[in-house]
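The values are calculated or read from the model by the stated rules, or taken from the named source; none is laboratory data. Everything numeric in this text was worked out from a predicted model, so none of it was measured. Neighbour counts are summed over all protein chains in view; Cβ atoms, including those assigned to glycine, are modelled from backbone coordinates with ideal geometry.
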Amino acid sequence: MAAPAQMSAPTPGSLSAEIRRAVFWPTLAFLPVFAALVALGAWQLHRLSWKTALIEAVTARTVAPPVAAPGPSAWGDFDADAWDYRAVTASGRFDHAKELHVYAVLGEARGRFSGQGYWIVTPLVGDDGAIVLVNRGFVPADRIDIKTRAEGQIEGPVTITGLLRRPEPRSWFTPADTPAKNIWFVRDPAVMAATLGLPASKVAPYTIDAGTAATPPGGLPQAGETLVSFENRHLGYVITWWGLALCALAVFVLFLRGRVRLAIAASAIRAASRG
C-alpha cells in the first residue's frame, strides 16, 4: 500500500509575495482616505485656535473704552480685522433724507421691538465732510416709513458711540439688494455710497452699529442690538474627523487581517496541489 502524499508547505518567498499582493492595493486605496481624515481634523484644530483667539479679541474690543473712529487719513490702509467690533465714537449730523433700510430678523432683542424688520442705516456727515454710515438700530416692518417715527429723526450735531463693523460679505444665498425700493440685505458701505451718489473718497470703509444710548425718543430706531456671538464648534469637528480616522483605521486593520489569512490559505492550497 502506497504511503499518503505529504502536503507541501508554501515557501517563505511565495508566501510573502502572496501577502504583499493581498495588502498592496487595499493599502494604496486606504492611505489617501486616512490622510484626508487626519488632515481635516488638523485643519479644524487650526480653526479652533483661530476662533478662540477671535472671540477673545472681539470680547476685549467690545468692553474697551471707545476711541475715535478712524478718519479719512486712515482709510487707505484700513485694517478691518483689527477694528471689527471695536467700540468707537463719531460725530456729525445725520442726513435722514438718505436713510437706508437693511432687512433683518431680530430674535433675542434687548429692547421691546423684535421680529421681522429693518436696520436703519443713515449717513453721519462730519464737519470735515467725511461720511460714516451708521446703523441707528432696528425698526419693525410696519414702521419702516419714516413718517411713523418722526420723533426719532434727530436733527443737529450728535456724537454716536457704538461698535465699528467691517463690510458684510455676500453669500450665494443672500438675496439681491433692491436699491430702487431701498431694500438691502448686506451692509457694504462702498455699494451703498455709490447708490446714494456719495463721493467714494468721503465715505468710511466701515459702518458703525450705534449703542443702546443712541435710541431716540419714541424708541425707534432701537439701537444697541448688535449680536456679538460666534459659534465655536471646531473642537467637535476635530473629534469627529479624527474619530472617523481611527474607526477607519480599525476597520482597515481587521480587513487586512482577513486578507492576509485568505492569502495564507490560498498559498497553502496551491502548495498542496503542487505536492
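Points worth noting:
- Residue count, segment 83-128 (criterion: not small (G, A, S) and not in a strand (DSSP E or B)): 14
- Residues that are in the same structural domain as G92 (by TED's automatic domain parsing), touching a residue at least 60 places away in the same chain (Cβ under 8 Å), farther than 26 Å from A69 by Cβ and among the charged types (D, E, K, R) are absent from segment 170-182.
- Test: residue in segment 189-209 that is touching a residue at least 24 places away in the same chain (Cβ under 8 Å), touching a Lys or Arg at 6+ places or on another chain (Cβ under 8 Å) and acidic (D, E): yes
- Yes/no for R187 being surrounded by 16 or more Cβ atoms within 10 Å (Cβ to Cβ), basic (K, R) and within 15 Å of R136 (Cβ to Cβ): yes
- Close pairs from segment 234-254: first surrounded by 14 or more Cβ atoms within 10 Å (Cβ to Cβ), partner in a helix (DSSP H, G or I) and of a type in the set (D, E, K, R), Cβ under 6 Å, at least 6 apart: H234/R47; H234/K51
- Options L256, L235: the member that is outside any loop (DSSP other than H, G, I, E, B), closer than 19 Å to T52 by Cα and at pLDDT below 90: L235
- For segment 131-154, filtered to residues that are crowded, with 19+ Cβ neighbours inside 10 Å and among the small types (G, A, S), the residue that is nearest to T226 (Cα to Cα) is G137.
- Any pair with Cβ under 6 angstrom, 6 or more apart, that starts in segment 152-167 at a residue that is more than 15 Å from G211 (Cβ to Cβ) and ends at one that is among the basic types (K, R) and in a loop (DSSP other than H, G, I, E, B): none
- Exactly one residue out of A268, A213, A204 is more than 17 Å from A90 (Cβ to Cβ) and not in a loop (DSSP other than H, G, I, E, B), and it is A268.
Conditions (1) loosely packed, with under 12 Cβ neighbours inside 10 Å; (2) in contact with a strand residue (DSSP E or B) (Cβ under 7 Å, 6 or more places away or on another chain), marked per residue:
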site	(1), (2)
G71	no, no
D81	yes, no
G92	no, yes
L100	no, yes
Y103	no, yes
A109	no, no
G117	no, yes
T122	no, yes
D128	yes, no
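- Test: residue in segment 91-101 that is within 14 Å of D188 (Cα to Cα), assigned by TED's automatic domain parsing to the domain that holds G197 and among the aromatic types (F, W, Y): no
- Of the residues screened, T159 is one that is of a type in the set (S, T, Y), modelled with pLDDT of 95 or more, exposed (fewer than 15 other Cβ atoms within 10 Å of the Cβ) and in the same structural domain as G115 (by TED's automatic domain parsing).
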